[in-house]
Amino acid sequence: MPQEVRGVVAKAKGAPVSIETIVIPDPGPGEVVVAIAACGVCHTDLHYREGGINDEFPFLLGHEAAGTVESVGEGVTNVEPGDFVVLNWRAVCGQCRSCRKGKPNLCFNTHNAMQKMTLLDGTELSPALGIGAFCDKTLVAAGQATKVDPAAPAAAAGLLGCGVMAGLGAAMNTGGVGRGDSVAVFGCGGVGDAAIAGAKLAGATTIVAVDLDDRKLDWAKEFGATHTVNSGTSDAVAAIQEATGGFGADVCIDAVGHPAVYRQCFEARDLAGTVVLVGVPRPDMTLELPFIEVFGRGGALKSSWYGDCLPERDFPMLIDLYLQGRLDLDRFVSERIGLDDVEAAFHKMEQGEVLRSVVEIVPGA
Ligand SMILES: NC(=O)c1ccc[n+]([C@@H]2O[C@H](COP(=O)([O-])OP(=O)(O)OC[C@H]3O[C@@H](n4cnc5c(N)ncnc54)[C@H](O)[C@@H]3O)[C@@H](O)[C@H]2O)c1
Ligand SMILES: [Zn+2]
Ligand SMILES: [Zn+2]
């Protein structure tokens, strides 16, 4: 029987979100229904609401979530009802040309549920990043649900579903940060602070945090930044060189997605170092670099999709590190809110007042 639950829907470009009754079909083959326990508010949800991703309104927002599998469709073997799961937005196919080359983290054919969730009048919803989790329950492809240790609280675990995984992975996977490396992270929001935490976990000894907002720089220190630079008032490239014996950082991470920031990353990097772009640029942006320097400095200019994570490999491992006290996911949670508060949370995000607002769902509320 299809179920009717509450969901946060963006109906039109720029319009405030509203709580609507949404219809969740029973899971079909390869699909699962998940009862959401917690879902973080990510910048990408706001991008959807602003029409910055595409025009396929209405959107069911939310995609950084953890919950419990309620029911599974035919042929689902990776999870069963009752499992505590973190949702992911890159369920790998196992068959595309990238998967076949042994690079499933780059899968070119990731998939979502086949059936649609709808409004009461039958209007089909576009779930944010193929998830849609500001709701009591959602329908996803089984591969989007990754089982993790239920000892972890949902508000912390769910963060791995998007921004925190992207940041941790930008440092640990894409950037390949290792013991003794120097790392500079530009943009200390949820993604950048996770990159700082990832760099620390991977053994970096110098971690320079760069932001325009001093409050963000204070928080960055709590995640492991050894140096901070306000790039609005000082020269970030010079400060990073100074912090690294005059050379530049081994790995520079752009967690903003702006050409000027990328250029600073490019210049603040040591010879043969790596630039990682994890922030998402706007479609109208272009980049200009001195071509001879692209050659002369060597190294690698890389993009990080979802932190190059493999959910099945990385989510359980990171939850274990969290439970051992080695990765402080709770520190990302600035406030716990209800479904009604998502619009207010967007405003706080725009004002830079929060790292992550996390919606907690109280069953039956
Ligand atoms: N690659 C991925 O898979 C992936 C996944 C999730 C999010 N993202 C992207 O990562 C980016 C960061 O997300 P977030 O949630 O941390 O956002 P956020 O808004 O919380 O943080 C951005 C930070 O950058 C700072 N900033 C802005 N302009 C700056 C500049 N010119 N120089 C230095 N700092 C500057 C802001 O003060 C803020 O602290 C976004 O573009 C988001 O879309 C990418
Ligand atoms: Zn694939
Ligand atoms: Zn996100």
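Checking each residue in the range 97-115 for being in contact (Cβ under 8 Å) with a residue 12 or more places away in the chain and either among the aliphatic types (A, V, I, L, M) or in contact with a Leu (Cβ under 9 Å, 6 or more places away or on another chain) (or both) picks out Pro104, Asn105, Leu106, Asn112, Ala113, Met114, Gln115. Quick one: in the range 65-100, of everything that is of a type in the set (Gly, Ala, Ser) and surrounded by fewer than 19 Cβ atoms within 10 Å (Cβ to Cβ), which residue is farthest from ligand 2 (Cβ to nearest atom)? Applying the filter and picking the extreme gives Gly82. Take the conditions out of contact with any strand residue (DSSP E or B) (no Cβ under 9 Å at 6 or more places or on another chain) and surrounded by 17 or more Cβ atoms within 10 Å (Cβ to Cβ) and apply them to Leu327. Does it pass? So Leu327 fits the description; yes.
Would you confirm, using the coordinates I've provided, whether Ala255 is at pLDDT 95 or above, crowded, with 22+ Cβ neighbours inside 10 Å and in the same structural domain as Met172 (by TED's automatic domain parsing)? Judged against the criteria, Ala255 is a match. Can Gly30 be described as in the same structural domain as Val79 (by TED's automatic domain parsing) and within 16 Å of ligand 2 (Cβ to nearest atom)? Yes; evaluated as a whole, the condition is true for this residue. The residues of the range 186-207 that are closer than 23 Å to Gly325 by Cα and within 12 Å of ligand 1 (Cβ to nearest atom), listed by number, are Cys188, Gly189, Gly190, Val191, Gly192, Asp193, Ala194, Ala195, Ile196. All of Arg313, Arg331 fail the test of being under 25 Å from Asp218 (Cα atoms), of a type in the set (D, E, K, R) and modelled with pLDDT of 95 or more, apart from Arg331.
Among residues of the range 293-322 that are on the phi > 0 side of the Ramachandran plot, those with a beta-carbon under 6 Å from a residue that is modelled with pLDDT under 95 and in a helix (DSSP H, G or I) at least six positions away or on a different chain give the pairs Asp308/Asn105.
Only one of the numbered conditions (1) in the same structural domain as Ala35 (by TED's automatic domain parsing); (2) over 30 Å from Val9 (Cβ atoms); (3) within 16 Å of ligand 1 (Cβ to nearest atom) is not met by Gly175, and that is (1). The numbered conditions (1) in contact with a Leu (Cβ under 9 Å, 6 or more places away or on another chain); (2) free of Cβ contacts under 8 Å to residues at least 12 places away in the same chain are all true for Phe247 except (2). Being within 24 Å of the chain's Cα centre (by Cα), in the same structural domain as Leu129 (by TED's automatic domain parsing) and assigned to a loop (DSSP other than H, G, I, E, B) is the requirement here; does Gly62 meet it? In short, yes.
The values are calculated or read from the model by the stated rules, or taken from the named source; none is laboratory data. No experiment lies behind these values; they were computed from the predicted model shown. Here Cβ is always computed from backbone atoms with ideal geometry, including for glycine, and neighbour counts include all displayed protein chains.
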